[in-house]
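The values are calculated or read from the model by the stated rules, or taken from the named source; none is laboratory data. Just so you know, these numbers come straight off a predicted model, no measurement behind them. Because the Cβ atoms are built from the backbone with ideal geometry, glycine has one as well, and the counts that use them run over all protein chains shown. Just the protein is used for accessible areas: all its heavy atoms, side chains included, with ligands, DNA and RNA removed. Shrake-Rupley method; radii C 1.70, N 1.55, O 1.52, S 1.80 Å.
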Amino acid sequence: MNFHNTIRPILVIFLLFGQFPLYGVLTRKPLRWHFRWCSLQTVLSLGLIHVGLFLCFVEYDRLKAIGVNADNLIGPLFYLDVIIIMLLLLRVAYRWPTVVPKWEQIESLEVMQYNARQQNARSCRRIRAIALLLIVLGFAEHMLSIGKTVNARVYEARTCHWNYSNLPEYYALAHLRVLFPKSIIQLSLLYIFRALTMAWTVQDVLLIMISDSIAGYFKRINSRIQFYTTVQVVAREKFWSEIHSDYVMVCELLEHVMSICSPLLVVSCGTNLYLICYQLFHLVDRTDDFIIVTVFTYFSLFFIILRTFLTMHYCSAVHEVARKPLKLFRRVPTSNWCSELERFYSFIRKSSIAINAMGLFRLTKKTMLTMLGAVITYELVMLHFAQTTANQGIVRACSPEQFLFQPKMQITTN
């Protein structure tokens, strides 16, 4: 089973939420996968982007009315971020057909057939397990978020004696400042929120699947190098020339894929960094006593850290396995050293083979430590911003400021 057939079930899940609109994913032949502007997948994706723009404007209008602070700034930033992610996923899907032939060419190489059945089965299980884990955790986080918001709105309505017998209508008034028919809220609104939130998970899962696959190709080359460094090779020049050629082809695939996906990687790192800081801020400055709020805060922080760690780990693994031949070459006896091996050694030593984020940084193990330091720095900045905006963006208790309409009072009978 090749890479595209491995990720095909995951891409089908993406399509259900309007993400990565690639046409023909249901077929088992990746060469038939292509992008169509006039397709249901693309229309759904573009529709979600426009709804996200509308909701971003709604959140912006809310902040104009009540003010900005470190907590409520997440509203417009969330929708703005998912719009950018979905546009980038649209761009990746548009250019993905150019990647498929190169991927097929790599997988047809003789070196990739080395222990192929066992390696493919293991890689397939790993990729699908990680992707499904992140998707399920992302869905659970979203459900907890909805439960937290509904619990807060119901408590507010009871305290202020507002009429919330029509809970979907009340939720729309308080959360969106707009009024929709009940049926549209129950069916469409929840799907739209879930689909937009899914963009965060999709971008990281896509990067993990790509990184794991390319790292697997380097591992297979390393396995063959390791075997032949311990035995006598008759045709040394030919062998090292072929291995060098295969290695360069994998490097070219990595370069081509990252020319498409590197903007998505930059947004992923920035988004995960901000979300970690935001949830840590809620732990430090938490004032709610509701159990569901506490559960959501800790679960969301755990999920974001796990998603960030897995993304960084698999992306940085490409650099580690691509540099491993330099250690393996030390086992080659001097008598077996040749000019082709010297060229291969020089190529790896002088090349910076790693997941590249638009030339801004390369993802290595050191990058993970750098990001940890950035979390501490920006957390301090967020706490300072919270202090300077402590008196802003606060909605008075039982105040209709955040509503577009005056909330209805409950009718009390003596």
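If I filter the range 70-85 for residues that are touching a residue at least 40 places away in the same chain (Cβ under 8 Å), polar (S, T, N, Q) and either in contact with a Ser or Thr (Cβ under 8 Å, 6 or more places away or on another chain) or part of a helix (DSSP H, G or I) (or both), do I get at least one hit?
no
In the range 39-61, what count of residues is obtained for those that are touching a strand residue (DSSP E or B) at 6+ places or on another chain (Cβ under 7 Å) and among the small types (Gly, Ala, Ser)?
1
In the range 30-40, what residues are in a helix (DSSP H, G or I) and in contact (Cβ under 8 Å) with a residue 60 or more places away in the chain?
The answer is PRO30, LEU31.
Cβ contacts < 6 Å: first residue of a type in the set (D, E, K, R), restricted to the range 41-59; second residue open to solvent by less than 30 Å² (accessible area, probe 1.4 Å) and in a helix (DSSP H, G or I), any location; separation 6+ or different chain. Result?
The qualifying pairs are GLU59/GLY75; GLU59/PRO76.
To keep it simple, each residue is scored yes or no on (1) touching an Asp or Glu at 6+ places or on another chain (Cβ under 9 Å); (2) buried (at least 19 other Cβ atoms within 10 Å of the Cβ); (3) closer than 15 Å to SER213 by Cβ.
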position	(1), (2), (3)
LEU63	no, no, no
PRO76	yes, yes, no
ARG91	no, no, no
ARG126	yes, no, yes
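For residues in the range 317-350 being in a loop (DSSP other than H, G, I, E, B) and open to solvent by 30 Å² or more (accessible area, probe 1.4 Å), which is farthest from SER259 (Cα to Cα)?
If we take residues in the range 317-350 being in a loop (DSSP other than H, G, I, E, B) and open to solvent by 30 Å² or more (accessible area, probe 1.4 Å), then PRO333 is farthest from SER259 (Cα to Cα).
May I ask you to list the residues in the range 352-370 that are open to solvent by less than 70 Å² (accessible area, probe 1.4 Å) and not in a strand (DSSP E or B)?
Across the range 352-370, the qualifying residues are ILE353, ALA354, GLY359, THR364, THR367, MET368.
For the range 4-29, how many residues meet the condition of being open to solvent by 10 Å² or more (accessible area, probe 1.4 Å) and part of a helix (DSSP H, G or I)?
7
It is to be established whether one or more residues within the range 70-90 are β-branched (Val, Ile, Thr) and touching a strand residue (DSSP E or B) at 6+ places or on another chain (Cβ under 9 Å). If you could, list the steps in order and put the result at the bottom.
To start, the set of residues in the range 70-90 that are β-branched (Val, Ile, Thr) comprises 74, 82-85.
Retained after the next criterion (residues that are touching a strand residue (DSSP E or B) at 6+ places or on another chain (Cβ under 9 Å)): none.
No, the range 70-90 has no match at all.
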